[in-house]
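Structure first, then comments.
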């Protein structure tokens with residue numbers, strides 16, 4: 001089994017290792033046009049961003065504590081303030097590249113997958129198979145899908161930009177109607193909030 005290691009992904013892709021010295025993480029709620037969100041950050045950068053309805057706040061916090069092995073405290077820091085501002089600009093169509101410092105943890109394969117996600121240009125998509133080929137693992141499209149699902153930092157690490165080879169949206173932890181909205185937003189369209197379009201959602 002691959003061991004999780006803490007990695008700082010600080011745009012533009014300056015990747016550094018830490019020794020998991022982050023024993024505390026602060027979190028707070030954020031508003032978005034697509035529903036309430038919760039975000040957390042260490043002193044190094046943001047570590048998670050999830051919608052409340054992805055299992056509920058308590059479930060989200062439990063997952064984060066288990067993955068990061070840190071104590072979570074309700075609070076705020078400069079990274080969460082910056083994230084809030086950048087999200088506001090993103091949803092207004094003014095921001096195409098997040099500049100916020102990122103502090104996430106995952107297996108080596110997950111980290112490499114997330115790095116490829118960060119390279120997908122705003123307004124474009126890639127298929128799971130294309131990402132797998134970029135990782136020199138052409139048969140690992142399903143593993144790429146699982147790595148996408150293990151991404152706790154939605155929107156910032158844009159797993160919503162990965163779709164099936166035939167153009168279908170496929171699974172998205174934040175729900176498919178949100179994925180559709182985000183992609184249309186980035187394509188310069190005028191997206192509508194339409195959760196009823198996806199009553200039955202399929203995960204990868």
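Couple of notes before you dig in:
- Rounded to 0.05, the FRET efficiency of the residue 29 and residue 168 pair, given R0 = 41 Å and the Cβ-Cβ distance, is 0.80.
- Segment 108-197 - percent relative contact order, Cα under 8 Å, separation 6 or more: 28
- Antiparallel bridge percentage (DSSP; both residues within segment 5-197; nearest 5): 70
- Average Cα contact separation per residue, segment 5-197, under 8 Å, 6 or more apart, as relative contact order %: 21
- Under the simplified labelling scheme, the residue 59-residue 88 pair shows an inter-label distance of 3.1 nm, with each label point 7 Å from Cα along Cα→Cβ.
We did not get these values from a lab; they are worked out from the coordinates using the rules stated. All values reported here derive from a predicted model rather than from experimental measurement. Note that each Cβ is placed from the backbone with ideal geometry, even for glycine, and that neighbours are counted across all protein chains shown.
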